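Just so it is clear, none of the values below were taken in a lab; they were calculated from the coordinates. Since this is a predicted model, take the numbers as computed values, not measurements. Note: ideal-geometry Cβ built from the backbone for every residue, glycine included; neighbour counts use all protein chains shown.
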Amino acid sequence: MENTIFFPSGGFRLKGLYHPGGEKGAVITHPHPLYGGDMNNIVVETLAMAYQRKGYATLRFNFRGTGDSGGSHDNGVGEREDVRAACAFLMDEGVREIDLAGYSFGAWVNAHTGCAGIERMVMVSPPVNFLDFADVAAIPCLTLVIGGDDDEFGDAARIRQMARHWSPRARCELIAETDHFYSGALRELEEILAQSL
């Protein structure tokens, strides 16, 4: 069961949904808040459920300026601090191995946050056609990239190419006939993630 919590980041309070677990945990980040993205997004919820079913503690949260989280949208810069604050919250709860999973804008923020203190990173639909990943070099903790082969915000071939650049060991799974929003493909998305855990 997820509990509503608040935790500090950069002088603000961020709202999250926390599911207690063992020593393994996952921070899950949401799509672009200026386009309606928040922690209650169905893809974010699906990622959280996949981790929970494997016994992980999970924390999905609203970035600054989103929903009941304080502050204002910071174009992905302050949001990196939010990710680090979420990881710190899990560590304070006794989590020792942290996965960082992000969907769309959340994947972009995570890519720029890096691997410090992160066991594994999972990207879902990195929006490589929409946001700039040019300054993201290596992401050695990246182990899984999931996308749809009909994603208007992330061309499948480009995602494959960039995934190899970010981490040669990362698995890249592209779901057939699937767009950015995983309409009709949420179960397959969950199964791909679950198989990797």
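Using Cα pairs under 8 angstrom and six or more residues apart, how large is the relative contact order of the range 43-143, in percent?
Reported relative contact order: 20 percent.
Looking at the square roots a ≥ b ≥ c of the eigenvalues of the Cα gyration tensor of the range 3-196, which shape do they give, rounded for a/c under 1.5, prolate if a/b is larger than b/c, or oblate?
Since a/c stays below 1.5, the shape of the range 3-196 is classed as rounded.
Could you line up MET91, MET123 from fewest to most neighbouring Cβ atoms inside 10 Å? Don't skip to the answer; put the middle values down first.
Working: MET91 13, MET123 31.
With the fewest neighbours first, MET91, MET123 line up as MET91, MET123.
Apply the a/c threshold of 1.5 to the C-alpha gyration tensor of the range 65-160 and tell me whether it is rounded, prolate or oblate. Walk me through the numbers on the way to the answer.
Numbers: a/c = 2.02, a/b = 1.35, b/c = 1.50.
Because a/c hits 1.5 or more and a/b fails to exceed b/c, the range 65-160 counts as oblate.
Specify the residue with the greatest mean-square fluctuation among VAL83, VAL136, VAL128, computed from a Gaussian network of the chain linking alpha-carbon atoms under 10 Å apart.
Fluctuation is largest for VAL136.
Tell me, what HN-Hα J-couplings in whole Hz come from the Karplus equation 6.51 cos²θ - 1.76 cosθ + 1.60 at θ = phi - 60° for each residue of the range 141-154, using x for Gly and Pro?
Result, ordered by residue: 7, 5, 10, 8, 10, 10, x, x, 7, 10, 8, 6, 9, x Hz.
So what is the relative contact order of the chain, in percent, for Cα pairs below 8 Å that sit 6 or more residues apart?
18
Round to the nearest 10 and give me the degree value, 0 to 90, for the angle of helix 156-166's Cα axis relative to the longest principal axis of the chain.
Helix 156-166 and the main axis of the chain meet at about 60 degrees.
Simple spin-label model, 7 Å along Cα-to-Cβ: GLU173 to ASN40 in nm?
Each label point lies 7 Å from its Cα, and together they span 2.8 nm.
Considering amide H positions built from the backbone, and no H for Pro or chain starts, which residues 5 or more places from ARG171, or on another chain, come under 5 Å of its amide H?
Residues meeting the criterion, in which the H sits 1.01 Å from N, are LEU144, VAL145.
Report the Cα centroid-to-centroid distance between the range 19-70 and the range 143-165 in angstrom, as an integer.
21
In what order do SER9, SER72, SER196 fall by count of nearby beta-carbon atoms within 10 Å, going from fewest to most?
Result, fewest neighbours first: SER72, SER196, SER9.
Suppose each label sits 7 Å from its Cα in the direction of the beta carbon; what would the ARG80-ILE5 distance come out to in nanometres?
About 2.4 nm, to one decimal.
Please turn the phi angles of the range 104-114 into ³J(HN,Hα) values with the Karplus equation 6.51 cos²θ - 1.76 cosθ + 1.60 (θ = phi - 60°), one per residue in order, whole Hz, x for glycine and proline.
Result, ordered by residue: 6, 3, x, 5, 5, 4, 4, 4, 7, 6, x Hz.
In which sequence would VAL44, VAL124 go, from the one with the fewest C-beta neighbours within 10 Å to the one with the most?
Fewest-to-most Cβ neighbours within 10 Å comes out as VAL44, VAL124.
On full extension of the chain, what length is gained from LYS54 through ARG158, given 0.36 nm per residue of separation minus the C-alpha to C-alpha distance? Display every interim value, and only then the final one.
Values: separation 104, 0.36 × 104 = 37.44 nm, distance 3.07 nm.
Gain on stretching LYS54 to ARG158: 34.4 nm.
For helix 42-53, report the angle its Cα long axis makes with the longest principal axis of the Cα atoms of the chain; keep it between 0 and 90° and round to the nearest 10°.
70
State, to one decimal in nm, how far the label point of SER183 lies from the label point of ARG96, with both points 7 Å from Cα in the Cβ direction.
Between SER183 and ARG96, the simple spin-label model gives 4.6 nm.
Can you tell me how the range 34-94 classifies by the Cα gyration tensor, rounded, prolate or oblate, using a/c under 1.5 as the rounded cut?
Cα axes put the range 34-94 in the oblate bin.
Against the longest principal axis of the chain, how steep is helix 78-92, in degrees 0 to 90 to the nearest 10, with axes from Cα atoms?
Result, in degrees: 60.
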